[in-house]
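Chemist: Structure in structure tokens, see below.
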Amino acid sequence: MSRVALATSRFALPGAGPALEAHEDVDAPLVVEELARLGIDADLRVWDDDAVDWEGYDLVVVRSTWGYANDYDHFLAWAHARARLINPYAVIEYSTDKHYLGDLARQGFPVIATSYCEVGDAPAFPEGDVVVKPAVGAGSIDAQRFEVHEHEAARSHVAALHASGRCAVIQPYVASIDEHGERALVFLDGEFSHAMTKRAHLKVAPAQRDGAFRNGQMSRADAEPAALDLARSLLSGRFADLAYGRVDLVHTPAGWQLMELELVEPALYLTHAPEAASRLARAIARRIPAGPLTTA
């Protein structure tokens with residue numbers, strides 16, 4: 001029987017306890033069950049647990065490694081050391097740092113206007129409300145919205161990010177998110193699976209944005225053709241045929257624009273799409289090597 005490790009984090013483990021259960025990876029049990037149907041033994045393993053024999057598995061699947069940004073260099077070193085990893089290390093390295101947004105914009109993709117305030121630089125803000133977040137971060141951790149009269153507070157947030165050695169990302173706040181939310185498009189095995197509406201996360205204080213809140217902000221949606229076309233173009237080339245990915249878009253007066261390209265540990269909202277867990281399991285199964293690992 002093939003063995004697969006689903007890489008997670010301590011606070012995302014099912015049954016982690018009352019204080020942590022709001023962060024639970026609700027997708028994980030569905031994936032484990034569907035892999036078992038395919039004759040594959042899947043274990044949830046915490047990514048920074050040094051006791052795990054990672055190379056004893058046929059494949060390591062990065063799933064809910066939430067919180068990796070708090071130990072980013074360690075996480076990249078861990079991922080780089082894995083011989084059989086999905087999504088691949090090159091994709092993980094690229095998409096965990098939001099400098100990729102600037103790279104995609106230079107390639108001609110429509111991306112939310114994004115500027116970077118490197119450590120030691122003075123911030124400059126666009127007109128209106130702004131969002132300040134770390135260049136390396138997951139979910140809405142350390143991301144804050146500031147209204148036009150709060151730019152001094154925004155500067156303080158930039159200073160706090162710099163004090164912890166992090167580059168700050170500055171973007172205009174897109175007002176349509178308050179009314180319509182973002183459109184999250186989930187892809188499995190390189191194909192579109194389902195779409196979700198992701199309502200505004202930055203309208204409440206950071207301490208309130210736990211897993212229960214984030215899950216409550218999600219609902220199933222229909223994928224607009226233009227949004228789907230953009231998502232497909234973003235997941236072409238080097239990102240084609242990934243086991244999983246999520247493209248978060250927002251509608252602006254200029255049309256659909258990219259907010260985030262989630263290719264590392266995105267919630268895939270499998271509980272909202274009955275066939276999605278089975279699709280993901282088949283995608284994982286297809287990537288299990290047929291023979292033993294060989295090295296040059």
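The numbers here are math on the coordinates, done by the rules we state, and not lab data. The model shown is predicted, which means the values in this text are computed figures rather than measured ones. Cβ coordinates were reconstructed from backbone atoms using ideal geometry, including for glycine residues, and neighbour counts include every protein chain displayed.
Chemist: Taking the Cα centroid of the range 61-76 and of the range 217-231, what is the distance between the two, rounded to the nearest whole Å?
Modeler: That distance is 27 Å.
Chemist: Give, in whole angstrom and from largest to smallest, the semi-axes √(5λ) of the equivalent ellipsoid of the range 115-172, with λ running over the eigenvalues of the Cα gyration tensor.
Modeler: After diagonalising the Cα gyration tensor, the semi-axes are 16, 13, 10 Å.
Chemist: Please compute the net charge surrounding Gly128, taking Lys and Arg as +1 and Asp and Glu as -1 over other residues with Cβ under 14 Å from its Cβ.
Modeler: Surrounding charge for Gly128 is -4.
Chemist: Alpha carbon centre of the range 242-287 versus the range 82-158: separation in Å?
Modeler: First find each Cα centre; the distance between them is then 20 Å.
Chemist: If we count other beta carbons within 10 Å of each Cβ, what is the order of His251, His180, fewest first?
Modeler: Lowest to highest Cβ neighbour count: His180, His251.
Chemist: List the GluC sites (Glu not before Pro) in the range 145-205 that DSSP assigns to loop (not H, G, I, E or B) and whose Cβ has at most 12 other Cβ atoms within 10 Å. Which are they?
Modeler: The qualifying sites are Glu147.
Chemist: Note down the magnitude of the dipole of the range 115-172 about its Cα centre, charges +1 on Lys and Arg C-beta and -1 on Asp and Glu C-beta and zero elsewhere, to the nearest 20 debye.
Modeler: Result for the range 115-172 is approximately 220 debye, rounded to the nearest 20.
Chemist: Follow-up question, since we're still on this one. Under 8 Å for C-alpha pairs, at least 6 residues apart: give me the relative contact order for the chain, rounded to a whole percent.
Modeler: Taking the mean separation of contacting Cα pairs over the length of the chain, I get 20 percent.
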